[in-house]
1. If you place +1 on the Cβ of every Lys and Arg, -1 on the Cβ of every Asp and Glu, and leave all else neutral, what size is the dipole of segment A:2-80 about its Cα centre, to the nearest 20 Debye?
2. What FRET efficiency would be calculated for the residue pair B:His95, A:Glu13, taking the C-beta separation as r and a Förster radius of 35 Å, to the nearest 0.05?
3. In what sequence do B:Val136, A:Val66, B:Val21, A:Val77 fall when counting other Cβ within 10 Å, fewest first?
4. In a Gaussian network model over chain A where Cα atoms closer than 10 Å are linked, find which of A:Ala21, A:Ala68, A:Ala60 has the largest mean-square fluctuation.
5. Would you mind telling me the antiparallel percentage of the DSSP bridges in the protein assembly as shown, rounded to 5?
6. Take A:Thr52, project a point 7 Å from its Cα along the Cβ direction, then tell me which residues of segment A:1-19 have their backbone nitrogen under 15 Å from it.
7. To the nearest 20 Debye, how big is the dipole of segment B:42-176 about its Cα centre, given +1 on the beta carbon of each Lys and Arg and -1 on that of each Asp and Glu?
8. Charges only on Cβ, +1 for Lys and Arg, -1 for Asp and Glu: so what's the dipole of segment B:100-160 about the Cα centre, in debye to the nearest 20?
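Only the coordinates and a few stated rules stand behind these numbers; no lab work does. Only a predicted model underlies this, so the values are computations on that prediction, with no experimental measurement involved. Backbone-built Cβ (ideal geometry, glycine too); neighbour counts: all protein chains shown.
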Amino acid sequence: MAKIVVDVMLKPEILDPQGQAIGAALPRLGFSFAKSVRQGKRFEIEIEGEPTQAQLDEVARAAETVLANPVIENFSVRVEK
Amino acid sequence: MKVGVVTFPGSLDDHDAARAVRAAGAESVALWHADADLHGVDAVILPGGFSYGDYLRCGAISRFAPVMTSIIEEANNGMPVLGICNGFQVLCESHLLPGALTRNQGLHFLCTDQLLRIENTNTAWTSSFSPGAEIVIPLKNGEGSYQCDDATLEMLEKDGRVIARYLGQDPNGSRNRIAGISNARGNVVGLMPHPEHAIDSLTGPSANGLSFFTSVLTQMVGK
């Protein structure tokens with residue numbers, strides 16, 4: 001069994017009010033390291049056996065079609081060992 | 001004259017939209033998300049609410065409902081389609097309208113009576129307004145901030161496709177204070193505020209919203 005991970009992030013130019021709120025909350029809790037925070041989504045997809053390139057391409061198509069909205073989001077696909 | 005109102009799992013404002021259609025003098029037809037048959041309607045409204053629980057992104061799953069396949073096809077053939085709030089989000093996810101709706105800048109869910117200016121009275125859903133009309137209708141959403149790239153924004157402005165704009169204090173951080181847009185042909189309109197909640201002064205802040213629904217009737221009679 002292998003795990004394919006799709007990470008989805010808002011494009012850098014799109015305002016992320018949730019990330020800003022988290023970034024503002026951190027120093028209030030005593031965490032002063034963050035210059036800025038952006039929030040994204042992570043999808044973990046399990047498949048049988050080792051993924052083929054064709055399967056990874058299919059996941060990328062699914063990411064572009066539904067998991068991410070390419071108008072406002074970027075995504076990446078990788079296999080997690 | 002039949003206007004279909006779609007019910008998705010999680011739609012909230014389908015009954016008010018149907019009531020507004022009847023108040024404008026048309027017959028309202030209930031359409032079901034899982035039924036691709038449009039039952040011979042002349043126009044369609046995608047109502048507000050939280051279709052499919054807003055899972056993944058607002059409108060992202062509704063876009064693939066069987067009824068949407070038929071609506072996208074008919075919209076591309078010129079059938080009038082109005083998406084209100086969640087319906088606007090569905091239209092953007094369906095690529096019938098450009099751009100996307102994102103989390104309100106202030107993060108709060110808004111529920112307020114909002115002043116708007118109607119910027120384009122040549123669309124299927126705004127032709128009953130006088131040019132530049134200022135109206136007050138409810139605005140209630142968590143993800144109503146309209147975003148698009150610079151080239152799209154310039155195109156929308158240049159082609160007069162911004163159909164309504166927020167006046168007064170900026171409610172949600174939408175680019176150029178956009179409250180609603182149309183497609184190039186003017187038959188598909190997306191609007192974040194809710195005209196169906198403002199069709200009479202007994203139940204709404206004004207009766208200004210009714211003109212969206214009478215517009216589409218005039219449009220269909222004129223054909």
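1. Details: 9 positive and 12 negative charges, 119 e Å.
With only Lys, Arg, Asp and Glu charged at Cβ, the dipole is about 580 debye.
2. Working: r = 20 Å, r/R0 = 0.57.
After rounding to 0.05, the efficiency reads 0.95.
3. On the way: B:Val136 18, A:Val66 15, B:Val21 25, A:Val77 21.
Lowest count first: A:Val66, B:Val136, A:Val77, B:Val21.
4. Ranking A:Ala21, A:Ala68, A:Ala60 by mean-square fluctuation puts A:Ala21 first.
5. Numbers: 37 of 53 bridges.
The antiparallel proportion sits near 70 percent.
6. Counting backbone N atoms under 15 Å from the label point, the list is empty.
7. On the way: 9 positive and 15 negative charges, 47 e Å.
That gives segment B:42-176 a dipole magnitude of about 220 debye.
8. On the way: 4 positive and 9 negative charges, 54 e Å.
Computed charge dipole of segment B:100-160: roughly 260 debye.
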